[in-house]
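Here is the structure we will look at, set down as structure tokens.
Since every read-out is calculated from the coordinates, none of them should be taken as a lab result. Worth saying up front: this structure is predicted, and the values here are computed from it rather than measured. All Cβ positions, even for glycine, are placed from backbone atoms using ideal geometry, and neighbour counts span all protein chains on display.
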Amino acid sequence: MTDAPSGQKEQHDMQPRMKIADVIPEAYEKVIALEQYAATHVDPTLYELVKLRASMINGCGFCIDMHSHDALEAGEQPQRLFELMAWREVGCFTDQERAALALVDQVTRLGEEGVTDEVWAAACDQFSEEEVAHLLVAIATINVWNRLAIPTRMQPPKR
């Protein structure tokens with residue numbers, strides 16, 4: 001491989017490193033169970049936005065590919081998916097979706113201050129306490145998937 005031009009990353013060998021499901025199937029099944037629980041307790045459209053937004057923040061190509069396709073198959077509009085990276089700047093998301101996306105952003109990036117009172121209050125204004133809890137489980141689950149997919153270099157299928 002030749003040296004990459006200044007300012008550009010050298011392209012890495014993107015071959016998968018391992019399949020977690022093959023190495024520790026019991027743990028993989030537990031994450032699947034958590035995913036199935038979350039999927040049945042959050043509105044399906046919102047659920048796909050949550051998974052896609054967290055995956056975008058984390059830079060998980062496998063999950064971005066999967067959840068953008070899942071969202072489109074579920075009837076989501078392509079424009080909303082294109083604009084998800086800039087959700088604060090566009091008007092196509094509802095107040096409820098915006099509150100959930102703000103929560104996704106802060107839970108996924110969990111800095112020193114965690115989730116601000118403002119973001120928490122906005123979520124609590126739009127959702128019941130139980131719905132906020134389910135959103136947190138959904139956000140945590142996609143972050144687990146991202147943290148398994150990125151280091152093992154899971155690759156999206158060739159379409």
Separation of alpha-carbon centers, segment 18-84 and segment 117-159, rounded to whole Å:
9
Measure nothing but the geometry: give the 0 to 90° angle between the long axis through the Cα atoms of 25-39 and the longest principal axis through the Cα atoms of the chain, rounded to 10°.
30
Environment charge at W145 (Cβ cut-off 13 Å; Lys +1, Arg +1, Asp -1, Glu -1):
0
Helix 129-152 versus the longest principal axis of the chain: what angle, 0 to 90°, nearest 10, using Cα atoms?
10
If you fit an axis through the alpha-carbon atoms of helix 117-126 and take the longest principal axis of the Cα set of the chain, what angle between them do you get, 0 to 90°, nearest 10?
70
Of the residues C124, I57, A138, the Cα lying farthest along the dipole of segment 21-152 towards its positive end, which is defined by charges on the beta carbon of Lys, Arg, Asp and Glu, belongs to I57
Put a dot 7 Å past each Cα toward the Cβ at H41 and E129; how far apart are the dots in nm?
1.4
Added length on full extension, which subtracts the Cα-Cα distance from 0.36 nm per residue, H69 to I24:
13.5 nm
Quick one: grab the alpha carbon gyration tensor of segment 83-159, order the square roots of its eigenvalues as a ≥ b ≥ c, and give me rounded if a/c is under 1.5, else prolate or oblate depending on whether a/b is larger than b/c.
prolate
